[in-house]
1. What pairs come up if the first residue lies in segment 89-110 and is closer than 26 Å to Pro40 by Cβ, the second is part of a loop (DSSP other than H, G, I, E, B) and among the hydroxyl-bearing types (Ser, Thr, Tyr), and their beta carbons are under 6 Å apart, counting only those six or more places apart or on different chains?
2. Under 9 Å between Cβ atoms, which residue pairs at least 6 apart in sequence (or on different chains) link something in segment 52-77 that is closer than 15 Å to Glu181 by Cα with a partner that is loosely packed, with under 13 Cβ neighbours inside 10 Å and modelled with pLDDT of 90 or more?
3. Only one of Val171, Val187, Val210 is in contact with a strand residue (DSSP E or B) (Cβ under 9 Å, 6 or more places away or on another chain), among the β-branched types (Val, Ile, Thr) and under 30 Å from Asp240 (Cα atoms); which?
4. Within segment 34-66, track down each residue that is farther than 15 Å from Thr87 by Cα and part of a helix (DSSP H, G or I).
5. Please count how many residues of segment 13-31 are in a helix (DSSP H, G or I) and touching a strand residue (DSSP E or B) at 6+ places or on another chain (Cβ under 7 Å).
6. What are the residues in segment 101-121 that are over 15 Å from Pro255 (Cα atoms), away from the ligand (no atom under 16 Å from the Cβ) and outside any loop (DSSP other than H, G, I, E, B), if any?
7. For the subset of segment 229-250 comprising residues that are among the β-branched types (Val, Ile, Thr) and touching a Gly at 6+ places or on another chain (Cβ under 8 Å), which member is farthest from Ser198 (Cα to Cα)?
Amino acid sequence: MGQNSKYYGEEIEDAARIIITSKYVVALTGAGISVASGIPPFRGPGGLWTKHGEPPPNGYQRFLEDPVKWWRERLTKTGFYRDFIETLSTANPNPSHFALAELEKMGFLKCVITQNIDNLHRRAGSQNIAEIHGNAFLLRCIECGQRFEPQTFSITIDSLPPKCPTCKRGVIKTDTVFFGEPIPEDVLKKCFVEASKSDCMLTIGTSALVYPAAGLPIRAKQMNNAWLIEINPYETAISDLCDVVIRRPADVALPQIVNKIKELKCLI
Ligand code: APR
């Protein structure tokens, strides 16, 4: 079971009471929230990087040097990346994603900032989402930044690299942010604005090692002395900064927090 809480006696009740009394709750999610959907994390036990090693830091540079090669590999179903996309395509939202969507609907959660590219928050019904590392199911022009649903235009092996139908100049790539690629300005700005408004941040299923995402809870704490609530079975790089630490899987802890909020709301 969890630790004794510093505040109300049990960390699920702690988290619920803090969320109820906070004005602007933001969730920062990482790969761990999608583990229950069958998508492996990157680091730690069973992690993709643990198994295959981290990809080279110059993925974006290599794409720019030869976008045709990247697209040919993507379209001909080869490479580790293709297998990862197959796993994403068969995954479904789990109780964690639905719990965050419910918290937003109840008015207790203002925004989900996710490092995940799996589209599961959107499919679970969350509305205000910032996908800081992009979305594997969207395409984006590297010149004008326009995003597209893949079905809006056909990409064939003899018309590579795909060109942007909006600005006519840029090359189209997946919206997923590659290693070495700058985070698109629009989404980065949104993340900083949301973190700056937050007086409570839930950090869920993230090792908090990759910046700028990992800096967002620190920004919220520094700017607003925000409550930080960590939901992760293992310790992370920011556990010591958190006010409440819930060492349970997200798909167990988040529904428990939602139920506790409902219980407490009935008592008020
Ligand atoms: N519930 C909650 N957390 C979990 C669960 C679970 N069921 N299972 C694992 N975790 C935790 C792990 O303990 C770990 O701290 O999820 C975290 C996953 O960490 P990472 O694999 O490093 O994923 P993340 O933090 O999202 O990585 C950030 O790194 O490689 C880049 O672009 C990639 O977006 C990714 C970024």
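1. Leu100/Ser126; Ala101/Ser126
2. The qualifying pairs are Tyr60/Pro182.
3. Going through Val171, Val187, Val210 in turn, just one is in contact with a strand residue (DSSP E or B) (Cβ under 9 Å, 6 or more places away or on another chain), among the β-branched types (Val, Ile, Thr) and under 30 Å from Asp240 (Cα atoms): Val187.
4. Matches in segment 34-66: Trp49, Thr50, Lys51, His52, Gly59, Tyr60, Gln61, Arg62, Phe63, Leu64, Glu65.
5. 4
6. Correct list: Cys111 only.
7. Once the filter is applied, the top-ranked residue is Ile246.
The rows are residues; the columns are (1) within 11 Å of the ligand (Cβ to nearest atom); (2) within 14 Å of the chain's Cα centre (by Cα).
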{"position": "Gly180", "(1), (2)": "no, no"}
{"position": "Pro184", "(1), (2)": "no, no"}
{"position": "Val187", "(1), (2)": "no, yes"}
{"position": "Val193", "(1), (2)": "no, no"}
{"position": "Leu209", "(1), (2)": "yes, yes"}
{"position": "Met223", "(1), (2)": "no, no"}
{"position": "Ile229", "(1), (2)": "no, no"}
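The values are calculated or read from the model by the stated rules, or taken from the named source; none is laboratory data. Every value quoted in this text rests on a predicted model; they were computed, and no experiment measured them. A quick note on method: Cβ atoms are made from the backbone with ideal geometry, for glycine too, and the neighbour counts reach across all protein chains shown.
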